[in-house]
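Remarks on the structure that follows.
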Amino acid sequence: MKVLPIPKPISGGIFLSYKCNSACRHCMYACSPRWSADWISEKALEKILTQLAPSIQGSLSGPDRIGINYGLHFTGGEPFLNFTLLLKATKLAQELGIPSTFVETNCFWCKNEQITREKLQQLKNAGLNGILISVNPFILEEIPFERTRRAIQIAQEIFGKNVIIYQDTFYRIFEILKLQTNLLFENYLELAADSLQYVELIPMGRVPYTLGDLFQKYPAKHFFGCSCREELTRAWHIHVDNYGNYISGYCGGISLGNAENLAQLLEGIELENHPILNAIVTDLQNLYEIAVNNFEYEEVAQGYISKCHLCVDIRRHITQCTKEFQELSPREFYQHLK
Ligand code: SF4
Ligand code: SF4
């Protein structure tokens, strides 16, 4: 029997929930206000963090410093929608000695200086090492830039160098444009279309459905021969969602198993019991053929922007036809892609 080996994770993120105040066009995990308000339970959180703690590695600059692909971050969805839980998660990670912890936010909650300062200080006091603040034209559609600016300025006072502005280029461009409020993407393009060359847009998740026109498209066969074994067996920047799904990297909607039983998961995945995973790690052509032959999948006539577009579109179609494949979890992911 073929077994897919899963390495011990050395860095990762915990989704407190998929629920978000925003439904950004570029969201890899299809988060949105329409998601069920399911939050990770404290019991599950404790179980998962306790098992992750021994293998998580801190930043090369030290356990008190942060880096995107080091340590552990709390994310979603928008973690500040449930600040009480975020605070508890932070304390737990601190008690377990997990290095290089940070939270990722879109800053919707930074409505004034007092709220922003109080919340960030509470997190710092609870042991959080830093923060990642999302800045790009898609976040800008929903979040007034004055909140982002406020968050960055106060975060830098509280967390010092441990503030990642992702992407810093857009922070500087928005400052040059003297933005204050939020701005529709179409209106932003009128002001600074050239700046899109700097956007780090991963062509997966919701991107193919909402921003597909920005990309060149190819027929399905262009991606035949591709295997995702490497992407699905990486040890860095893995995610665990609020349902316990263990997700490799950015591959939303693909569960490698239950992170509450991490030891068992790390023994490897029997691919015979996971035909969709088996196809993905072998050749995307196999995935395509399963979908066409068993579920009447029809190739998208306009083509696909990436192998991830082909992969997610097929998976989405399959979840509409059957509940058979446990690796296609959480199923709600597939309902919020468009
Ligand atoms: S990209 Fe971030 S802010 Fe936007 S919908 Fe996804 S989780 Fe929410
Ligand atoms: S093709 Fe699918 S499995 Fe491979 S990296 Fe993209 S989303 Fe993940």
Search segment 14-53 for residues being in contact with a Lys or Arg (Cβ under 8 Å, 6 or more places away or on another chain) and closer than 13 Å to ALA93 by Cα, and hand back the single one that is nearest to ligand 2 (Cβ to nearest atom). LEU45
Pick from segment 159-181 the residues that are out of contact with any helix residue (DSSP H, G or I) (no Cβ under 8 Å at 6 or more places or on another chain) and crowded, with 19+ Cβ neighbours inside 10 Å: which of them is farthest from ILE133 (Cα to Cα)? ASN162
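Let's see how each residue does on (1) under 26 Å from LEU271 (Cβ atoms); (2) of a type in the set (Asp, Glu); (3) more than 17 Å from the chain's Cα centre (by Cα):
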site	(1), (2), (3)
ILE10	yes, no, no
LEU16	no, no, no
LYS19	no, no, no
SER22	no, no, no
SER32	no, no, no
TRP35	no, no, no
ASP38	no, yes, no
Looking only at segment 225-266, and only at residues there that are part of a loop (DSSP other than H, G, I, E, B) and open to solvent by 60 Å² or more (accessible area, probe 1.4 Å), the one that is nearest to ILE290 (Cα to Cα): TYR243
Which is crowded, with 24+ Cβ neighbours inside 10 Å, away from ligand 2 (no atom under 16 Å from the Cβ) and at pLDDT 95 or above, of GLY67, GLY62, GLY71? GLY71
From the list GLU332, GLU327, pick out the single residue that is under 29 Å from HIS73 (Cα atoms), part of a loop (DSSP other than H, G, I, E, B) and among the charged types (D, E, K, R). GLU327
What is the number of the single condition among (1) open to solvent by 20 Å² or more (accessible area, probe 1.4 Å); (2) at pLDDT 95 or above; (3) at negative phi that LEU277 does not meet? (1)
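To keep it simple, each residue is scored yes or no on (1) under 20 Å from VAL240 (Cα atoms); (2) in contact with a strand residue (DSSP E or B) (Cβ under 6 Å, 6 or more places away or on another chain).
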{"position": "ASN258", "(1), (2)": "yes, no"}
{"position": "GLN264", "(1), (2)": "yes, no"}
{"position": "GLY268", "(1), (2)": "yes, yes"}
{"position": "ASN278", "(1), (2)": "no, no"}
{"position": "PHE295", "(1), (2)": "no, no"}
{"position": "LYS307", "(1), (2)": "no, no"}
{"position": "ARG331", "(1), (2)": "yes, no"}
Looking only at residues in segment 157-184 that are in a helix (DSSP H, G or I) and touching a Lys or Arg at 6+ places or on another chain (Cβ under 7 Å), which one is farthest from TYR70 (Cα to Cα)? ILE158
Across segment 1-32, the tally of residues that are modelled with pLDDT of 95 or more and over 20 Å from ALA235 (Cα atoms) stands at 15
Filter segment 289-336 for residues that are β-branched (Val, Ile, Thr), open to solvent by less than 30 Å² (accessible area, probe 1.4 Å) and away from ligand 1 (no atom under 16 Å from the Cβ) and give the result. ILE305, ILE314, ILE318, THR319, THR322
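Here's the yes/no breakdown for (1) in contact (Cβ under 8 Å) with a residue 24 or more places away in the chain; (2) farther than 27 Å from GLU272 by Cα; (3) away from ligand 1 (no atom under 11 Å from the Cβ); (4) open to solvent by less than 40 Å² (accessible area, probe 1.4 Å):
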| residue | (1), (2), (3), (4) |
| --- | --- |
| SER17 | yes, yes, no, yes |
| CYS24 | yes, yes, no, yes |
| TYR29 | yes, no, no, yes |
| ALA37 | no, yes, yes, no |
| GLU42 | yes, yes, yes, no |
Go through segment 205-222 and give me each residue that's away from ligand 1 (no atom under 16 Å from the Cβ) and open to solvent by 20 Å² or more (accessible area, probe 1.4 Å). ASP213, LEU214, PHE215, GLN216, LYS217, TYR218, PRO219, LYS221, HIS222
Out of all the residues in segment 87-107, which are open to solvent by 30 Å² or more (accessible area, probe 1.4 Å) and either within 16 Å of ligand 2 (Cβ to nearest atom) or touching a Cys at 6+ places or on another chain (Cβ under 9 Å) (or both)? none
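Conditions tested, residue by residue: (1) touching a residue at least 12 places away in the same chain (Cβ under 8 Å); (2) in contact with a Ser or Thr (Cβ under 6 Å, 6 or more places away or on another chain).
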{"site": "ASN106", "(1), (2)": "yes, yes"}
{"site": "LYS111", "(1), (2)": "yes, no"}
{"site": "LYS124", "(1), (2)": "yes, no"}
{"site": "GLU146", "(1), (2)": "yes, no"}
{"site": "ILE152", "(1), (2)": "yes, no"}
{"site": "GLN156", "(1), (2)": "no, no"}
{"site": "VAL163", "(1), (2)": "yes, no"}
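The values are calculated or read from the model by the stated rules, or taken from the named source; none is laboratory data. Note that the structure is predicted; figures quoted are calculated from it, not measured. Using ideal geometry, Cβ is built from the backbone for each residue, glycine included, and neighbour counts are taken over all protein chains shown. Note: areas computed on protein heavy atoms with side chains; ligands, DNA, RNA excluded. Shrake-Rupley method; radii C 1.70, N 1.55, O 1.52, S 1.80 Å.
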